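The values are calculated or read from the model by the stated rules, or taken from the named source; none is laboratory data. Since this is a predicted model, take the numbers as computed values, not measurements. All Cβ positions, even for glycine, are placed from backbone atoms using ideal geometry, and neighbour counts span all protein chains on display.
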Amino acid sequence: MKKLFPLFLFSLALIVSACSGSSDQQQQSAEGNMGETETSMEAEGRTIDVYGIDRMKYVVQDTTGGVMVGESVEVNGETYYLLEGISAEAGEELTFSLTTISALPASAMAHNIVLLEGGANAQEFVNASMSAKDNNYIAPGMTDIILAQTDMVGGDESTSVTFNAPEETGDYEYLCSFPGHFAAGMKGILSVQ
């Protein structure tokens, strides 16, 4: 028995040492993971949930976070606000998440969001894009002035695009390139500060 006691103590010391070392490692690992989570959350950027409606307007429900809105509108019994513009910091990561709310077929009512470079002629762009049905109403010869764009989506469809706001401060126009939508007011300004 006396011979087993030192072996028991040695084994106990090993177990205690292993457990405390493991605990320290687990705590450091947990702290490290928390730090990684915070960093990735900071790096994610900001998402703006935009809805395209049959009135050929962009609307939002969330009016916080640099979103500039106009009057309220009711769509399918829910309250939305006309989206007039968005403010962003230079270089900020943004995601435009677009959902079309419509019972019409996509051939009659679909939406996208196209962000143009500063100083681009939006009217010229939509005029050229009108005949580009096979290219989702994006004029092939004018893609060099597009900073970001979503796909064209019909009723109950969603899409998104993630991009960095331009580094140069100023106003950048965004629009829907589906024929007639820009003229109806489906546009706005991304104001980079």
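Looking at this structure, is E117 surrounded by fewer than 16 Cβ atoms within 10 Å (Cβ to Cβ), in contact with a helix residue (DSSP H, G or I) (Cβ under 7 Å, 6 or more places away or on another chain) and of a type in the set (D, E)?
yes
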Going by the structure shown, is E71 more than 19 Å from Y58 (Cβ to Cβ), surrounded by fewer than 17 Cβ atoms within 10 Å (Cβ to Cβ) and either of a type outside the set (A, V, I, L, M) or touching a Ser or Thr at 6+ places or on another chain (Cβ under 8 Å) (or both)?
no
Which of the following residues is crowded, with 21+ Cβ neighbours inside 10 Å and without any contact (Cβ under 8 Å) to a residue 60 or more places away in the chain: S129, S107?
S129
Looking at the stretch 180-193, can you tell me whether even one residue there is assigned by TED's automatic domain parsing to the domain that holds G66, assigned to a strand (DSSP E or B) and surrounded by fewer than 15 Cβ atoms within 10 Å (Cβ to Cβ)?
no
Residues of the stretch 137-163 being farther than 19 Å from N121 by Cα, surrounded by 15 or more Cβ atoms within 10 Å (Cβ to Cβ) and touching an Asp or Glu at 6+ places or on another chain (Cβ under 7 Å), which ones?
T159
Over 14 Å from I189 (Cβ atoms), over 22 Å from the mean Cα position of the chain (by Cα), assigned by TED's automatic domain parsing to the domain that holds P179 and assigned to a strand (DSSP E or B) - does that describe any residue in the stretch 127-136?
no
Report yes if some residue within the stretch 83-90 is closer than 18 Å to V161 by Cα and among the hydroxyl-bearing types (S, T, Y); otherwise report no.
yes
